[in-house]
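The values are calculated or read from the model by the stated rules, or taken from the named source; none is laboratory data. As the structure is a computational prediction, the values presented were derived from the model and not from experiment. Cβ: placed from backbone, ideal geometry, glycine included. Neighbour counts: every protein chain shown.
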Amino acid sequence: MERILILDFGSQYTMLIARRIREMNVYCEIVPFNRIPAITPDVKGIILSGSPSSVAAENAPQPDLSGVPAGMPILGICYGAQWLAWSKGGNVANSGTREYGRAILSVKDSNDPLLKDIPAESQVWMSHGDTINSLPADYRVIASTATVGNAAFRVEGKLIWGIQFHAEVHHSEFGKQILRNYVLGICGCAGSWTPASFIESTVASLREQIGSDKVVLGLSGGVDSSVAALLLHKAIGDQLHCIFVDSGLLRKDEFSSVLASYKGMGLNVKGVEASDRFFADLAGLTEPERKRKAIGKDFIEVFNAEAKKIKDVRWLAQGTIYPDVIESSAVPGASATIKSHHNVGGLPKEMELKVVEPLRLLFKDEVRRVGKALGLDPNILGRHPFPGPGLGIRVLGEVTREKVAILQEADAIYIGALKRWNLYDDVWQAATILLPIKSVGVMGDERTYEYTIVLRAVTSVDGMTADWAQLPYDFLAEVSNAIIRDVKGVNRVVYDICSKPPATIEWE
Ligand code: XMP
């Protein structure tokens, strides 16, 4: 296997560089600048990425590249480029004005391999407060902008380059090409990292890591835990014990259908019906955070009780993915700690489980590609995000079995219609919410006094921001009619037209 190492100095763009390289089917890893691993022959190149710091500042991150073999291709981006110049005697100082936004890059050396197929002039994206005023003697400028003379440089006779703009962002028109020139051209990577090769190497390393031990994993019905389970199952078969808890707060018939589909995929899975306990603990609770905490606590306790029954279990598997890992390892910091989403803290001490996270190197779309290659049920693969506390936070106010049953019926009508109208995959997430108030209506000749259902549908890329989806009126009319006609206890349906921010996707 070949890989590119990206040294992290704390920039928001570092993950984007990794994303771009993975898109070339080249495996890359982000490592903190002060924890550079041993450089094995599979490392084909090193990228020094950006940082909010100034190179000459007292606490500026200073990488130690003494372990990097001579001849290893190096590319500095933004701070990385400034550090490469500054550490060999170049002058880097505050540019007076922050250089931020679009600029036109003029190529000075069209024969340079980093600039292969880059037009004489193209748009790039700048974002830096410092600038390189002068380069060390053996450094040569290969491209400039109107205000940044040393926008790109090469070290004579060495495979070392620096660029002060952000090739990884969308606004740098030929940025992808520059990164391709570096990774595929200069570093000579083959671009053969695919879901299939990931599965093969991960399965082999899981077998070696786990041996004949037993592993326990909590399935949620979502993509990440399902793909993690399939990978582990491929590696260690029935040594993997999966637990799928029915909280009573899943969608209509979801527990039984997802359990059946897990079994159909050959997983060694135990379904645990625990809804009585969840409803009992939710009784009387109306405040959203208290409801969330009660549900979370019940999940952990039910999971633990089941996990304890598995004799000699040694490992806890989790579906943690790459963005969680990166966001957790703050830079700078030898002191950086991994955040508490590794919820091992919730497990009983005497179990002393080791954690295995087979997806910790993958982005979400890569998880989906791996899941597809492993034959994950398309119904699970393409499913909308669903919150851990489930319908418990979509029945506003106190949660009862009766209210959840009403919501499940309305939700099934809505989701079914989205699929029938081929709208399901156009929205990022759709949900129904049951409001804790009643209003007056008329059905037949009777006065009604019943609940209101909210329909929510949003478009989004990552759930951090979202816009309400402009679903067709005819569709909304059909769903509204069907819900009021078929769901006992509901006489009004409304559509949520708020974006996030200022609203959130879920109502609690
Ligand atoms: P909000 O409501 O914060 O939701 O806009 C953003 C995304 O996160 C999901 N969500 C959760 N997912 N556990 C989860 O696994 C939770 O407690 C939780 N709360 C919200 C939400 O459905 C949306 O996709």
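When Phe299 is evaluated against the numbered criteria (1) within 16 Å of the ligand (Cβ to nearest atom); (2) over 25 Å from Gly382 (Cα atoms), which criterion, by number, is the only one it fails?
(2)
For the stretch 114-126, indicate whether the set of residues that are at pLDDT below 95, within 16 Å of Gly149 (Cα to Cα) and in contact with an Asp or Glu (Cβ under 7 Å, 6 or more places away or on another chain) is non-empty.
yes
In the stretch 131-150, which residues are over 14 Å from Gly90 (Cβ atoms), among the small types (Gly, Ala, Ser) and at pLDDT 95 or above?
Of the stretch 131-150, the ones over 14 Å from Gly90 (Cβ atoms) are 142-147.
Checking which are among the small types (Gly, Ala, Ser) leaves us with 143-144, 146.
Scanning the stretch 131-150 gives Ala143, Ser144.
Could you tell me whether the stretch 454-471 includes any residue that is within 14 Å of the ligand (Cβ to nearest atom) and among the basic types (Lys, Arg)? If you could, list the steps in order and put the result at the bottom.
Filtering the stretch 454-471 down to residues within 14 Å of the ligand (Cβ to nearest atom) leaves 454, 456-469.
This time we only want the ones that are among the basic types (Lys, Arg), so: 456.
Yes, there is a match, as at least one residue in the stretch 454-471 is within 14 Å of the ligand (Cβ to nearest atom) and among the basic types (Lys, Arg).
I need a count of the residues in the stretch 388-425 that are exposed (fewer than 15 other Cβ atoms within 10 Å of the Cβ) and within 16 Å of the ligand (Cβ to nearest atom).
2
Taking interchain pairs and intrachain pairs at least six residues apart, which have beta carbon atoms under 6 angstrom, with the first residue in the stretch 206-222 and closer than 17 Å to Val272 by Cβ and the second aliphatic (A, V, I, L, M) and within 16 Å of the ligand (Cβ to nearest atom)?
Final answer for the pair search is Gly221/Val258.
Any chance the stretch 218-236 includes a residue that's at positive phi and surrounded by fewer than 20 Cβ atoms within 10 Å (Cβ to Cβ)? Even if it seems obvious, please write down each step before you answer.
Here is the first cut: in the stretch 218-236, the residues at positive phi are 221.
When the remaining residues are screened for being surrounded by fewer than 20 Cβ atoms within 10 Å (Cβ to Cβ), the result is none.
For the stretch 218-236, residues at positive phi and surrounded by fewer than 20 Cβ atoms within 10 Å (Cβ to Cβ): absent.
Could we say that Ser172 is hydroxyl-bearing (Ser, Thr, Tyr), on the phi < 0 side of the Ramachandran plot and exposed (fewer than 15 other Cβ atoms within 10 Å of the Cβ) here? Steps first, please.
Working: hydroxyl-bearing (Ser, Thr, Tyr): yes; on the phi < 0 side of the Ramachandran plot: yes; exposed (fewer than 15 other Cβ atoms within 10 Å of the Cβ): no.
So Ser172 does not fit the description; no.
Please enumerate the residues belonging to the stretch 358-387 that are within 15 Å of Val203 (Cβ to Cβ) and within 16 Å of the ligand (Cβ to nearest atom).
The one that is within 15 Å of Val203 (Cβ to Cβ) and within 16 Å of the ligand (Cβ to nearest atom): Leu359.
Please go through (1) buried (at least 20 other Cβ atoms within 10 Å of the Cβ); (2) of a type outside the set (D, E, K, R); (3) under 23 Å from Ala305 (Cβ atoms) for Val183 and return the number of the only condition it doesn't satisfy.
Going through (1) buried (at least 20 other Cβ atoms within 10 Å of the Cβ); (2) of a type outside the set (D, E, K, R); (3) under 23 Å from Ala305 (Cβ atoms) one by one, Val183 breaks only (3).
Report, by residue number, each residue of the stretch 485-508 that is free of Cβ contacts under 8 Å to residues at least 40 places away in the same chain and within 17 Å of Ile413 (Cβ to Cβ).
Selection gives Arg485 alone.
For the stretch 70-80, how many residues are under 16 Å from Ala57 (Cα atoms) and of a type outside the set (Phe, Trp, Tyr)? Before you say what the answer is, go through the steps one by one.
Step one: list which residues in the stretch 70-80 are under 16 Å from Ala57 (Cα atoms), which gives 78-80.
Narrowing further to those that are of a type outside the set (Phe, Trp, Tyr): 78, 80.
Residues flagged as under 16 Å from Ala57 (Cα atoms) and of a type outside the set (Phe, Trp, Tyr) within the stretch 70-80 amount to 2.
How about the stretch 141-162: which of its residues are over 19 Å from Leu48 (Cα atoms) and free of Cβ contacts under 8 Å to residues at least 24 places away in the same chain?
Gly149, Gly157
Being surrounded by 19 or more Cβ atoms within 10 Å (Cβ to Cβ), touching a Gly at 6+ places or on another chain (Cβ under 9 Å) and not in a helix (DSSP H, G or I) is the filter here, so list the residues in the stretch 14-27 that pass it.
Across the stretch 14-27, the qualifying residue is only Val26.
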